[in-house]
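All remarks here apply to the structure that follows.
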Amino acid sequence: MSARWPFDTVLVANRGEIAVRVLRTVQRLGLKGAVVYHAADRGSPAVAMADASVEITGATPVAAYLDIEQIVAAARSLGAVAIHPGYGFLSENEDFARAVETAGMVFVGPKPEQIELMGDKVRARAFVAKHGFPVAPSAIEDDDPKTFVARARKVPLPLLIKPAAGGGGKGMRIVRDLAVLQPEIERARSEGQRYFGDGRLYVERYIENPRHIEVQVLGDAHGNVVHLWERECSVQRRFQKIVEETPSPALTAEQRRSICETAAGIAREAGYRNAGTVEFIFGADGSYYFLEMNTRLQVEHPVTEEVTGIDLVEQQLRVAAGEKLAFAQDSVRQQGHAIEFRIYAEDPARGYLPTTGPVLKLSPPQGEGVRWDSGVVERGEVTAAFDPMIAKLIVRGADRAEAMARADRALRELVLLGCQTNTGFLRRLLNHPAFAKAGIHTGFLDAHPDIAADAPIPRDTLERILGAAALATRSLREGADAVPALHAAMGAWRN
Amino acid sequence: MHHALRLRDADYAIELSRSADGYRLHLEDRVVEVRQDSGAVVATRGDEVYVHLDGETYHLRYEHPLERLAHQGHGAADDGLRAPMPGSLVSVAVKAGQAVQ
């Protein structure tokens, strides 16, 4: 065991880019990094990078990464004393956090009861409202199931129906006409039941064309909480984020201070320990409401790291080790501008349908202000077994314009062949006039379907594509090589 | 006999031939020089061809002339098979449209 740390091996109970990301910091700090992996990930960069690894099994690859007993047993066999859950999988599962603690290990995350509180959207909302922070007008089924529909009717239109146990946009329905309230409630209930095994609902006022603004917070086990400023994540498809940036181009200095202090206040009231994210809906009129709190490291955490210079995984580990935060609020500064682009294996022109395939060629972008967090390597394979997000491109600039220019260059340079990705779509989005003017809201992509559609190919580009492809196609090239140039020059008339 | 590359639900009938110092692409009635320094990055697997050009990625599929012939039921006017030496065709065991293994 190292002199400074109460643990010398950290097991990452995750896969893909986030396992690589966490291992990088673990190893930089002089600790050993271990991973569990399903056979589908045997050749993955995380396994190659880890100091030790243990194979786990499951009915499906995802099931293996959700198997609490197996993962705790793997940690024990590796001599790991701390477990970092990454995001997704078991990262917000209070039973996992408890099982880790019961096994005498350190969970690199919040206390189980904090996961429980924030994981139940209705309880979380009530907690936030009780402490005087803003929540949207709403009706909660659990308050009195018999009067739920009647109370829902009194919430100002339009309404948003949400599953109490929900997240990620699953089961959410927008209602603009009370005549369809009842059937939409039934639909949301059955979706909630299907996705979360829980049909309880709540209804809240739906903010038209809202922005999604979230605040990174960090709390230690000694009651200290700071915020690390906001992230704007308004570019979404199917309620899932695609592009995130900080600072938000939409906020005034006063709004920024207000929303960030609100987030820190919520975390403080919860006695929150760990890195966490408080999400808000931000209306065109400057009003904002608490949406939910994610009690884990967020996919888009790198943009915060890029502008604050603070390694959030390192902070998670220090907090888990019982250290006090080493900095105060006034020393956390936003410097420059950072944007993250999620690279998805999907076809935006076909309804963002997930794609699969081999990674035949991969050449990540490089250069100043460019960061590439990836879980794929050349000769790897993108399968349908996991989430289609395969990498993240993060760019930093002195200001938004410089970050955007670097992003465009980096997206152009990124070569990933063999599995279709959304990079062309990301460039069309980046170069859309509304993005440059920061006129984005969460319904932006639905309102501009042209961004998802394949761009037309100019004739000369088509000829260059076909020429390059023909040269690389053996039977075409061999056919050409079999006929000397002189004969070829004579053309078809010689027959 | 036409080769074809499929790109975004469209078939492009093409030929490739040698020129004095490289290759030429025959596309419909046009003939263009294929620049080998076009900046394109290409990868293939089987008949799948992936091209990265000017920051965009394209997925093409090479279509075998015989498969095209079989799937179309009738080929392009000059699709055909050529015997390696002179002879007479005495029997055809397949019909147009039938798949040949």
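Residues in the range A:425-438: is at least one touching a residue at least 40 places away in the same chain (Cβ under 8 Å), surrounded by fewer than 20 Cβ atoms within 10 Å (Cβ to Cβ), closer than 28 Å to residue B:45 by Cβ and within 14 Å of chain B (Cβ to nearest Cβ)? Within the range A:425-438 (the criterion being touching a residue at least 40 places away in the same chain (Cβ under 8 Å), surrounded by fewer than 20 Cβ atoms within 10 Å (Cβ to Cβ), closer than 28 Å to residue B:45 by Cβ and within 14 Å of chain B (Cβ to nearest Cβ)), the answer is no, since none of the residues qualifies.
Conditions (1) touching a Pro at 6+ places or on another chain (Cβ under 8 Å); (2) touching a residue at least 12 places away in the same chain (Cβ under 8 Å); (3) not aromatic (Phe, Trp, Tyr), marked per residue:
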{"position": "A:120", "(1), (2), (3)": "no, yes, yes"}
{"position": "A:132", "(1), (2), (3)": "no, no, yes"}
{"position": "A:153", "(1), (2), (3)": "no, yes, yes"}
{"position": "A:162", "(1), (2), (3)": "no, yes, yes"}
{"position": "A:174", "(1), (2), (3)": "yes, yes, yes"}
{"position": "A:188", "(1), (2), (3)": "yes, yes, yes"}
{"position": "A:217", "(1), (2), (3)": "no, yes, yes"}
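Apart from one condition, residue A:411 fits all of (1) closer than 16 Å to residue A:234 by Cβ; (2) part of a helix (DSSP H, G or I); (3) in contact (Cβ under 8 Å) with a residue 60 or more places away in the chain; the exception is (1).
Looking at the structure I just gave you, is residue A:137 modelled with pLDDT under 95, within 28 Å of the chain's Cα centre (by Cα) and either surrounded by fewer than 17 Cβ atoms within 10 Å (Cβ to Cβ) or within 15 Å of residue A:280 (Cα to Cα) (or both)? Yes, satisfied. Do we have any residue at all in the range A:32-46 that's in a loop (DSSP other than H, G, I, E, B), farther than 24 Å from residue A:394 by Cα and among the aliphatic types (A, V, I, L, M)? Scanning the range A:32-46, I find no residue that is in a loop (DSSP other than H, G, I, E, B), farther than 24 Å from residue A:394 by Cα and among the aliphatic types (A, V, I, L, M), so the answer is no. Annotation note: of A:326, A:338, the sole residue that is more than 24 Å from residue B:55 (Cβ to Cβ) and not polar (S, T, N, Q) is A:326. Selection of the range A:284-311 for residues being under 15 Å from the mean Cα position of the chain (by Cα) and among the aliphatic types (A, V, I, L, M) yields A:293, A:297, A:299, A:303.
Taking the range A:452-468 as the range and being within 8 Å of chain B (Cβ to nearest Cβ), hydrophobic (A, V, I, L, M, F, W, C) and in contact (Cβ under 8 Å) with a residue 24 or more places away in the chain as the test, only A:455 passes. Which residues, taken from the range A:130-172, are more than 17 Å from residue A:288 (Cα to Cα), among the charged types (D, E, K, R) and in a helix (DSSP H, G or I)? Once the filter is applied, which keeps residues that are more than 17 Å from residue A:288 (Cα to Cα), among the charged types (D, E, K, R) and in a helix (DSSP H, G or I), the range A:130-172 yields A:141, A:142, A:143, A:146, A:151, A:153, A:154. Contact map, the range B:43-71: residues that are farther than 23 Å from residue A:364 by Cβ paired with residues that are at pLDDT 95 or above and assigned to a helix (DSSP H, G or I), Cβ distance under 9 Å, separation 6+ or inter-chain. Pairs shown: B:60/A:465; B:60/A:466; B:60/A:469; B:62/A:469; B:62/A:470. The condition (being out of contact with any His (no Cβ under 9 Å at 6 or more places or on another chain), among the basic types (Lys, Arg), within 30 Å of residue B:18 (Cβ to Cβ) and not in a loop (DSSP other than H, G, I, E, B)) is satisfied by just one residue among A:406, A:428, A:464: A:464. Looking only at residues in the range A:341-361 that are within 12 Å of another protein chain (Cβ to nearest Cβ), in a strand (DSSP E or B) and charged (D, E, K, R), the one that is surrounded by the fewest Cβ atoms within 10 Å (Cβ to Cβ) is A:361. Here's a check for you: in the range B:50-66, which residue that is part of a strand (DSSP E or B) and more than 7 Å from chain A (Cβ to nearest Cβ) is modelled with the lowest pLDDT? Within the range B:50-66, the match that is modelled with the lowest pLDDT is B:63. Put simply, of A:377, A:395 the only residue that is surrounded by fewer than 20 Cβ atoms within 10 Å (Cβ to Cβ), of a type in the set (Val, Ile, Thr) and under 23 Å from the mean Cα position of the chain (by Cα) is A:377. Looking only at residues of the range A:307-317 that are farther than 16 Å from residue A:215 by Cβ and in contact (Cβ under 8 Å) with a residue 40 or more places away in the chain, we find that the one that is surrounded by the fewest Cβ atoms within 10 Å (Cβ to Cβ) is A:314.
Looking across the range A:382-408 at every residue that is out of contact with any strand residue (DSSP E or B) (no Cβ under 8 Å at 6 or more places or on another chain) and closer than 25 Å to residue A:16 by Cα, the one that is nearest to the other protein chains (Cβ to nearest Cβ) is identified as A:408.
Number of residues in the range B:1-49 that are of a type in the set (Asp, Glu) and not in a loop (DSSP other than H, G, I, E, B): the value is 4. Return yes when residue A:444 is within 18 Å of residue A:236 (Cβ to Cβ) and away from chain B (no Cβ under 14 Å) and no when it is not. Yes, satisfied.
Residues of the range A:73-83 include at least one that is at pLDDT 95 or above and in contact with a helix residue (DSSP H, G or I) (Cβ under 7 Å, 6 or more places away or on another chain).
Tallying residues that are more than 18 Å from residue A:16 (Cα to Cα) and in a loop (DSSP other than H, G, I, E, B) within the range A:73-91 yields 3.
The values are calculated or read from the model by the stated rules, or taken from the named source; none is laboratory data. The model shown is predicted, which means the values in this text are computed figures rather than measured ones. FYI the Cβ positions are ideal-geometry reconstructions off the backbone, even for glycines, and counts take in every protein chain you see.
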